Structures are given as structure tokens and as C-alpha cells.
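See below for the structure under consideration.
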């Protein structure tokens, strides 16, 4: 880094992440909440709750994705991702997780209005549901969902507390302690996440099952987390404290990881489809049959084009990976497309009796507003960079 | 701002010059004496101390294992000859198990062949410097393992002399492959993988061939390495072209690493046999392949490193990283087992539940012994690698790696015969018993693998000479930067950690 760049680093204007997301959060909360209430009231409690589930699960997925990225960062003691660790920490802070657990209560308290397996008259005539009753019952549902939140709150608190101690003292031995906590955390996370998604989303189609479902959603949300990160810091790379740190080297690294997750997502999606299509067994094909009608079949095609092909072509170019502005645009694109893809994954399974896209969008926006508001507050409440984020400046100074 | 070096110093131990690196690696090829060191001349069995009655030089590990390998190559040749003249009825395959040892061993060998390309291509793209000391060896292992794997489906066609019918070519017979069959996909995937792996291996060898050409004293060696080095002069132009070729081949190889074992998993997942039509198979097979591949690299690298005194180049840091990769991929594999079992129970479908009972119930289910051995070898024993000290203990590493190799074989055994002998109709239930010929061919391919690997060690540099020199250069450069005398480390050299 030249002296001119160093001066730029010191005199750059302050970033606007906290302010931008606070304003956007309030706006989305008001607009989304209004839309959800106005269009959902007449459709009945059942439809409202199911529409809420879509919005809720997308934004809880963002937290889950960022939590996974934070665990991965500490497990492999990554260095390149230090400049954005605070973003991931804010997205999965203990407060954010507690709020998400509270926001889950409307779903947890109204299982009968959402899930077929909660209706005794349906289970009484369905042999498969009787066989599945050991898992598809309220007790297991509460254990696998609130247990997952409890695990994430505890682990998030531990790792973030250790990181804060290092930031305050500069003592690098805290990194060793985090590296002890993170690998088993990652192990439990992948396992518990699977049960969480099985209980909340897979069981919406009570007969259907797919062994790849949990990790498929996890990869999708890690991708969304990376896209959100790229979008956030890519637009702020000329502002303090990111100037000189969010540089082409950083975007190259995060670009490679985004490319890897894009490929992984496409790989999982295609594998699941091909195996189901080839097997052609009714217990598996039912999921795709539900999605073979409009608008879902169009969304499926768009998903492969918009979420795989476009990011793949852009990220394959080294020049794109080295450009923070391109990366910010691509992050925004992938993040938006993830919402459509999640619509394709979840909405057909909701079996809405009077589907209304505006209620679904209203729920998505309202939950997004809440999420962004909490994120902004968490981000503002802590130092913007963790210890050692400026390692590239140190290396360049020699 | 504290300076943080981007390359781990422990990847290269001791003081080296470029000449000493050349000598340490190239002389293994150029000096036949390195292969005739009498490393094994006594066999200790309790109080007994038996002297091996071999002539001087022939009691070396190289000659000893070459002899064993050659013996098993002959067993393989006899097995193939008998099979070609008699038919595949000499194997234990019979209704309902149409696929037995042949496909188990095919998948096992293909899996072992995965570490090479992963180390060479993916770790190259991720700028991981620890790959430098082990990539050449792992690439060779890949090629030989794929050769061993290829034998099985070729022979299983029953008429290997017309195996070319598997390729789509215009012919008067009106023959055309069934492109919906994953077995045809295998033909394309494995042959492409083999071709690209050989190309990648050869391109990587060119600069080292030139080093051997320049150091060789004998005329035959000079001419042979001279031809193989394709006129390499070490000019800037040569290096630019080499770097481009390497990156292109790494780019092509990376999807191949995933695609080959994904397609191997499709051999099963495309079917409707209970326990096969499983959506998590593709990633779990790929992770299993990497798991098995790294286990084999560790198993072979530990003794070879000792015999050829390569401790400075293959350090404990390399073993630590390899053990970590093995642990991580092993956990993915165990996650796959857990998901298979969980969803078999969760499904509520009778045939999926039955599959679970057939694997799980000790004493009652006919193959539960194989399932529990699999869990022991792949699921329980490798967990010892969580302890850092265990990753630094070569005896433990050797035992764990061997356990993984056995476990990965059992994994395929559990997937294939259990599902085939317990499908939807009780009338098609059966039990699979392999014959002596199955075992002869399996051990024969092991012999072929050892035989080829020892030929490789004898005639080609098993460690990438120029990449070790480059590593030394970068470490020197970083040491300079650390002391504040240089202009900083090359940011491109920073590993992704």
C-alpha cells in the first residue's frame, strides 16, 4: 500500500452500513407489515401463518447461513475473512437469535393450523403418518427447533465473547480457544440444522423425504450470507474502516468462496432432481410434481439460470472477482434471486387455500425489516473490525 | 500492525540449497544404490530374531515389496485368464446379487484415486503450499488406482474384447449405448478422468525431467529424460507456458474430481433398489473418495518417507494437514450414514424401514456384522484424530489410515450386497458369498498397484523438485520480509488457510 493509500485509509468517510440498514429495516417493517396485514386478514389465520412461515424461514436462514460461515471461519482459522467477521457476528448475534426464537412462537403455538400431521383425523387413515408419528409430534418439534436455537445462542455467545476478548486485549491465544469450540460446533450445527429443517419445512409435505434436504438448504443460505456480505462491503469499500482492506485481494477470495458455494448449490439441486426423476418413485416425485405447475416451473428454470449460470459466468472471470463494485452488484443479484428460489422451495409445500403473493411478499419484507434493524443495531454496537483485519496493510508495509 | 507470514515455515525442514534439493530427490531416481539399502534384514518375532537370507541389496524394502507386488500381479493375470476362458461365473455373483466384488472393488479403487487430483488441482487453485511435497506421489497413486479400478467393469462386461462397444461410434451392427444408463456415464467419466490425470501428471513432470536430464550421468538416462523433458530450457517463456498449462489442467480436473465419484454414486442412486435411490449419495460418495484417497496417501507415505529419508520435505505439518482433511471428510461420510439411517426411519415406508433393520440389528440381520465393522473403522476409530498429539504420531496415523481403507471397502460392501439381497420381494432374498477368484482378483489388483507404484519410485521423481525449490524461495523471501528488509510478501502467495 502506498503512502497515498494510507492517507486515504485514514481520511476516508465513515461507512454507512448501520444507518442504511436501519432506515431500510424500518421501511421494510412498515411496508411489509402493512402489506401482510392488509392482504392477509381476509385470507384467514391458516393462510396468514403459512405465509409468515415463508418470510420467517428465509430470514432465519440468513442467520443460520452467517452462523455457519462464522463457525467455518473459526474452524479453519481463516485470515482473509477477518474484515467481514463482524458482519457475520451481527447476523447471528445472541440477541438476533433470541429475537428469532421469539418470532418462531407464532409457528410453534399454531402447529395444527400449519401441519397435516397434527390432525388426528388425517393420521388415523394414513399408515405412513402413523409410522412417522414417533418424530412428527409436537414434543419432537419443540426439541428440534428450540433446541437448535439454544445450541446456536450458546455457541454464538462463546465464540463472540472470545473474539471480543481478543479484540480488547490483542491476546492471540483466544484464537486457539475459538478453534477448540468451533469444529465441534460445526459438527453439531450441521446435524441439528438437519432436524430443524426436517421438522419445520420437510414435514410440510408429510410423506416426502430427501436425505440431502438439510445440507442443500444450508448451502443455499451460506450462499445468501456471502452474497449479503459482498453486497454490504462491496458498496462501502471506499469508506472507513474498509478502504484498503476490502480490496481486490479480498474480493478475489470471497469471490472464490462464493463461486464454490454457487457450484455446490447447483450440484446439490441437480443431483436431487436427477436422482428423483430417475427413480420415479411416488414418495419422492410428489415434491417435484407440486412444482411442475406455474409459476413454480418457471421459477425452477429461472433458478438454474439466475442463481447458477449468471453468477458462474461472472465469478469465473478473475477480473470480476477482483472488482469490489462488480462483487457488490453480484451480491445484490444473488441475494435477491435466493428469495425467489426459496419461494420455489417453500411455497408449494404450504398448500395455501387462498394463495396471495402479496401476503407472502409482505411477510418476507416485514421479517426482513426486523432482521435488518436488529442487524444494524448489533453492527453499530461493536467495533467494526476484528483484531488482525488489517493484516494485508501490515504485509504491504513490510 | 503485526506482520503475519503467509506460508508455514514447517513445510520445509532443515537448511537447503537448490543443489541439495536436487540431490535429495533426483538421486533416488539416478542412483540405484538408494533402492538397495538393506533396511530389512532381520525379522523380530518376540524373542526370535530371524535373519532374512537374501543376497546383499535384495533385502531392501524396494526389492522385497516389488517381489510381493510381482507375485500378486501374476495371481491377477491367472485370475483374468481363467475368467476370460470360463466366464464371470467364477465370481460369486448370482441372483439376486448381479454386482458383487467387481463393483465394490471398482468403487474402492476409484475412491483411492481421488486424492491425487484433489491435491494437485483443487489445492493448487486454492494456493495451498502444503500440496507441493505430496502432489506428485498422490497423482501417480491416482493413475495406478484408476487402472486397477478399470479392470473390473471391463471384465464384468463378460466379453472384454468388445468393450469398445460402450463408446458411441457408427457401426453396421446398429449398436448404440444406452445414454440413460449411468454405467455408460461411467465410461466417459472414468476415461476422461484418466486422460486428464495422466496429462496433468506428465505436464508437472516436464521441469523435473529436465533436472534429471541435466544431472544424469548415463547416456540412456540422459536421452530418455531428454526426450521426456520435451526440450525444456527453463526460460521465462517455458515457465509462462507451463503455468498456463497447469492452471488450465487444474481447472479441468477440479470438476472431474467431483464428477467421477458423483457418477459412480449414480450407478446406485439412479436405481430404485432400497438404500440406493438416496439423494445425498453424490456428495457423500465424493467425500468418501477423498477420505479413502488421503488415507492411502498417508499409509504409503509414512514408510516411503522413512526409507528414502524424505523427512525434510514431507514434514509432520503435512501429516497434520492430511489427517485434518481425513477427519473432516470422514465426518461428512459419517453424516451421510446418519442421514441414511435417520431418513430410513423417518420415511415410514416399509422397505426403507426394513433396510434399516437389515443393517442395524446385530445377530438378527445377515449383514449387520459388515455394517458395524464399517461404523467402527470409518466412524469411531478416525475420531482419535481430533487429538492434535495423535495427528503427530505416525504409528497412530498409519493405523487410522489403514482402518479407513478397510472401512471404505466395507462401506461399498454394505451398500451393494445388503440392498441387492433385500429388495421389495421376499422371494428374491438371498445371501452373497464371494469365491476364491473374487479374492484372488482383489489381492491381484493390490499387487498391481504396489508393483506400479514401486516402478514409479524407481524411475521418476516422487516429489516435485521445482515446486520444493519454489517453496524454499518463497520461505526465504518471507523470512526477509519478516525482518523488515524486503518489500513485503507476495500477496498472491497467501494461502486461503
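The values are calculated or read from the model by the stated rules, or taken from the named source; none is laboratory data. The structure presented is a predicted model; accordingly, all values stated were derived computationally and were not measured. Every residue, glycine among them, receives a Cβ derived from its backbone with ideal geometry; neighbour counts consider all protein chains shown.
Listed values, structure above:
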quantity	calculated
Residue within segment A:230-243 that is within 14 Å of another protein chain (Cβ to nearest Cβ) and over 29 Å from residue A:327 (Cβ atoms) present	no
All positions within segment B:255-273 that are more than 9 Å from chain A (Cβ to nearest Cβ) and either in a helix (DSSP H, G or I) or surrounded by 24 or more Cβ atoms within 10 Å (Cβ to Cβ) (or both)	B:256, B:257, B:259, B:260, B:261, B:263, B:264, B:267, B:268
Members of segment A:270-284 that are within 16 Å of residue A:208 (Cα to Cα), more than 8 Å from chain B (Cβ to nearest Cβ) and modelled with pLDDT of 90 or more	A:273, A:277
Looking only at segment A:105-128, and only at residues there that are within 14 Å of chain B (Cβ to nearest Cβ) and buried (at least 19 other Cβ atoms within 10 Å of the Cβ), the one that is nearest to residue B:341 (Cα to Cα)	A:117
Test: residue in segment A:210-224 that is within 24 Å of residue B:127 (Cα to Cα) and part of a loop (DSSP other than H, G, I, E, B)	no
Criterion (assigned to a helix (DSSP H, G or I), surrounded by fewer than 19 Cβ atoms within 10 Å (Cβ to Cβ) and more than 14 Å from every other protein chain (Cβ to nearest Cβ)) met by exactly one of A:65, A:55, A:40, A:34	A:34
Residue identified as surrounded by 11 or more Cβ atoms within 10 Å (Cβ to Cβ), at pLDDT 85 or above and not in a helix (DSSP H, G or I) among B:57, B:92	B:92
For residue B:439: the one exception among (1) more than 16 Å from residue B:298 (Cα to Cα); (2) surrounded by fewer than 17 Cβ atoms within 10 Å (Cβ to Cβ); (3) within 19 Å of the chain's Cα centre (by Cα)	(3)
Residue satisfying all of: in segment B:274-288; part of a helix (DSSP H, G or I) and crowded, with 24+ Cβ neighbours inside 10 Å; nearest to the other protein chains (Cβ to nearest Cβ) among these	B:282
Residue match in segment A:307-319 (condition: at pLDDT 90 or above, within 14 Å of chain B (Cβ to nearest Cβ) and crowded, with 21+ Cβ neighbours inside 10 Å)	yes
Hits in segment A:127-171 - residues which are in contact (Cβ under 8 Å) with a residue 12 or more places away in the chain, outside any helix (DSSP H, G or I) and over 13 Å from residue A:203 (Cβ atoms)	A:170
Checklist (1) under 22 Å from residue A:178 (Cβ atoms); (2) touching a residue at least 40 places away in the same chain (Cβ under 8 Å) applied to residue A:78, failing item	(2)
Selection status of residue A:161, farther than 30 Å from residue B:333 by Cα and either within 14 Å of chain B (Cβ to nearest Cβ) or within 26 Å of the chain's Cα centre (by Cα) (or both)	yes
Helices (runs of 4 or more DSSP H) wholly inside segment B:336-440 containing at least 1 residues that are within 14 Å of chain A (Cβ to nearest Cβ)	B:350-360, B:388-391, B:394-421
Sole exception among (1) away from chain B (no Cβ under 14 Å); (2) under 30 Å from residue A:15 (Cα atoms); (3) touching a residue at least 60 places away in the same chain (Cβ under 8 Å); (4) surrounded by 17 or more Cβ atoms within 10 Å (Cβ to Cβ) for residue A:95, by number	(4)
Any chance residue A:72 is modelled with pLDDT under 95, within 12 Å of chain B (Cβ to nearest Cβ) and part of a helix (DSSP H, G or I)	yes
Residue in segment B:302-316 that is without any contact (Cβ under 8 Å) to a residue 60 or more places away in the chain and either within 13 Å of chain A (Cβ to nearest Cβ) or assigned to a helix (DSSP H, G or I) (or both) present	yes
Residue match in segment A:330-353 (condition: free of Cβ contacts under 8 Å to residues at least 12 places away in the same chain, more than 30 Å from residue B:278 (Cβ to Cβ) and away from chain B (no Cβ under 14 Å))	yes
